[in-house]
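Please read the structure below before turning to the comments.
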Amino acid sequence: MILLFISLVQFLAVQTEVPFKPSDEFQVSVDLKFKIKPSTYPTFTYPGSGDPLAKPSSTTLPFLVVSISKIKIQSDEDKVHAVDARGKSLFRKKASPALLMHFEMGFVDDLKSKVSSNEITVFFLSKDKKELRKIVISISDNGVFEVNKAWHGQF
């Protein structure tokens, strides 16, 4: 009896998982820009030694921008909502075939070390706001770039 209950709970847990949007229904492109990373200290911060902590840097670092385009909208999909790994809302629009999404994810080193949010989930919602499908874009701590848990490159 207990085994039947555990099987039922596992079956229901699997049923509630939002499926991935098929990879032939969208295109993800990566734009790696090089930017100067601003200091984390305010401009006029001095330690005991007297040298300013906010020294200008001339080193450019890789900065990741991800775009999702050529989205095939299915008949039951009404809205699109994107959130980062921390739950912050990044994008919310009505679903349309001409939809284009750009996400500035951040500096690659910060994404690897999870200083910046290293994952974006785009949900496709029904008219009653039920999550139908999703696209998950993530950067692992070893720099692997994945779309819907499929390898798409490495930084």
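For Lys94, the lysines whose Cα falls under 24 Å of its own Cα, not counting residues fewer than eight places away in the same chain, are Lys21, Lys70, Lys72, Lys79, Lys127, Lys129, Lys130, Lys134.
Restricting the calculation to alpha carbons of the range 56-155 gives Rg and Dmax of 14.8, 52 angstrom. Hey, with R₀ at 35 Å, roughly what FRET efficiency would Lys127 and His102 work out to, going by the Cβ-Cβ distance, to 0.05? Step by step, r from the Cβ atoms, then E = 0.85. Over all Cα atoms in the range 83-137, the spread is summed up by Rg and Dmax: 12.8, 39 Å. Mean projected area of the convex hull spanned by the Cα atoms of the range 116-155, taken over all viewing directions: 3.2 nm².
Which loop-located chymotrypsin sites (Phe, Trp or Tyr not before Pro) does the range 109-145 contain, where loop means any DSSP state but H, G, I, E or B and the Cβ has at most 14 other Cβ atoms within 10 Å? Let's see the in-between values first.
Values: sites: Phe123, Phe124, Phe145; in loops: none.
For chymotrypsin sites (Phe, Trp or Tyr not before Pro) across the range 109-145 that sit outside H, G, I, E and B with at most 14 neighbouring Cβ atoms in 10 Å, the list is empty.
Since every read-out is calculated from the coordinates, none of them should be taken as a lab result. Values in this document were obtained by computation on a predicted structure and should not be read as measured data. Here the Cβ is made from the backbone with ideal geometry for all residues, glycine too, and neighbour counts use every protein chain on show.
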